[in-house]
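Below is one structure, written out as structure tokens, with a few remarks after it.
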Amino acid sequence: REKAKAAGATAAATVLEVAEESDIVLMFLPGPKEIEASVPGPKGILSASRPVGVIVDLSTVDPGTTQKMGSLARAKGVGYLDAPVLGRPASVGQWALPVGGRKEDLEVCRPVLGTFASKIFHIGDSGSGNKVKLLNQLMFGAINAMTAEMMAIAEKVGIAPATLYETITASQAATVSNLFKELGARIAKENYENPTFTVHLLEKDVRLAVQMAKEHRVPPILGRTVELMNELAQAQGLGDKDTSVMWKSVLKAWEKQANPS
């Protein structure tokens, strides 16, 4: 909040205070629990004495939460969009937003969303943007998990993870993604603090994606393995670290298996 104030923003003490002063409210929160605490209720956005025009949820949540919140909002004459962010913090301004909800609400918000996203896609009905984001997070989780396992195996076979990272990234091979570059750089420097994205958040995203798939009777195979690896890292107390730390989790799991006592 202090950084926002220093940049020229007006800070509010409560969610309700934000709603009282705004025509468009943007939410960027950790997950469904925080969304449900911020939209309805006696101190939520929908309790403002003057209804806001549109609520835009930029968070990564499940379609069901969005549809529930959207229904409550529309009952009070308030528009509701799910517009989860596709893009890393460093690329703000170039983000892509898959948007679910009414087209007319999107057009009202487009000038605001365009200040930090260069590509805005109307995907479909409420919750459609969430579906795209969760599918993206399944892929993120898979790349993260494979990077963790690869680095852990490298350590065991006598190849320093930093050497592996430097060699692969120099090759320009098809396996070198921007995410691998980011994860590998952190692993090479043993830098897991000040996370770009935490294990806790990745676990939540993949869990919601797996849940969505199962609800549609398409049980994910790789996704469930990634989900387990994320949960393992959490159980080892690594949840608040950057997701690149998960290779350490794999090593710990092997060590525990080798020495169960």
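The values are calculated or read from the model by the stated rules, or taken from the named source; none is laboratory data. This structure is a prediction, so every number in the text was calculated from the model and none was measured. Cβ placement follows ideal geometry from the backbone for every residue including glycine, while neighbour counts extend to all protein chains displayed. Note: accessible area is taken over every heavy atom of the protein model, side chains too, but ligands, DNA and RNA are not part of it. Shrake-Rupley method; radii C 1.70, N 1.55, O 1.52, S 1.80 Å.
Just a few scattered comments:
- Couplings for segment 200-208, taken from phi via the Karplus curve 6.51 cos²θ - 1.76 cosθ + 1.60 with θ = phi - 60°, read 4, 5, 5, 4, 4, 5, 5, 4, 5 Hz in order; Gly and Pro are left as x.
- Taking amide H positions as modeled 1.01 Å from N, with prolines and chain starts lacking one, the residues under 5 Å from Phe121 and 5 or more places away or on another chain are Leu97, Val99.
- Coupling constants for segment 12-27 follow from the phi torsions by the Karplus curve (6.51 cos²θ - 1.76 cosθ + 1.60, θ = phi - 60°), and in residue order they are 10, 7, 9, 4, 4, 5, 4, 4, 5, 10, 10, 8, 10, 10, 9, 10 Hz; glycine and proline get x.
- Local net charge near Lys103, Cβ-Cβ under 11 Å (Lys/Arg +1, Asp/Glu -1): -2
- Protein heavy-atom accessible surface, 1.4 Å probe, per residue over segment 148-202: 56 Å².
- Heavy-atom accessible area order for Asp57, Asp23, largest first, 1.4 Å probe: Asp23, Asp57
- Counting only Cβ charges, +1 for Lys and Arg and -1 for Asp and Glu, the dipole size of segment 20-121 around its Cα centre is about 120 debye.
- Rel. contact order, % - alpha carbon contacts under 8 angstrom, at least six apart, segment 18-135: 23 percent
- Annotation: amide H of Val56 within the under-5 Å range of Val25, Leu26, Met27, Leu81, sequence separation 5 or more or interchain, hydrogens built in the peptide plane.
- Cβ-defined net charge surrounding Pro32, 9 Å radius [Lys, Arg +1; Asp, Glu -1]: -1
- The chain, accessible surface, carbon-and-sulfur percent (1.4 angstrom probe): 57 percent
- Phi angles across segment 69-80 convert, under the Karplus curve 6.51 cos²θ - 1.76 cosθ + 1.60 with θ = phi - 60°, into 3J(HN,Hα) values of 5, x, 5, 5, 5, 4, 5, 9, x, 10, x, 8 Hz, Gly and Pro given as x.
- Taking the chain and dividing mean pair separation by its residue count, relative contact order in percent (alpha carbons under 8 Å, at least six apart): 14 percent
- Its Cα centre serving as origin, the chain has a Cβ charge dipole (Lys and Arg +1, Asp and Glu -1) of approximately 220 debye.
- Euclidean distance between Cα centres, segment 1-15 to segment 77-154, Å: 24 Å
- Axis of helix 222-235 versus longest Cα principal axis of the chain: the two differ by about 90°, to the nearest ten degrees.
- Val52 sits among other residues whose Cβ lies under 14 Å from its own Cβ, and their net charge, with Lys and Arg +1 and Asp and Glu -1, is -3.
- The chain, helix-only ellipticity at 222 nm - DSSP H runs n ≥ 4, -39,500 (n - 2.57), divided by all residues, nearest 500: -16500 deg cm²/dmol
- Loop exposure criterion: trypsin sites (Lys or Arg not before Pro), DSSP state outside H, G, I, E and B, at most 15 other Cβ atoms within 10 Å. Applied to the chain, the longest stretch between such sites is 77-216.
- Against the criterion of solvent-accessible heavy-atom surface with a 1.4 angstrom probe, His216, His200, His122 sort, most first, into His216, His200, His122.
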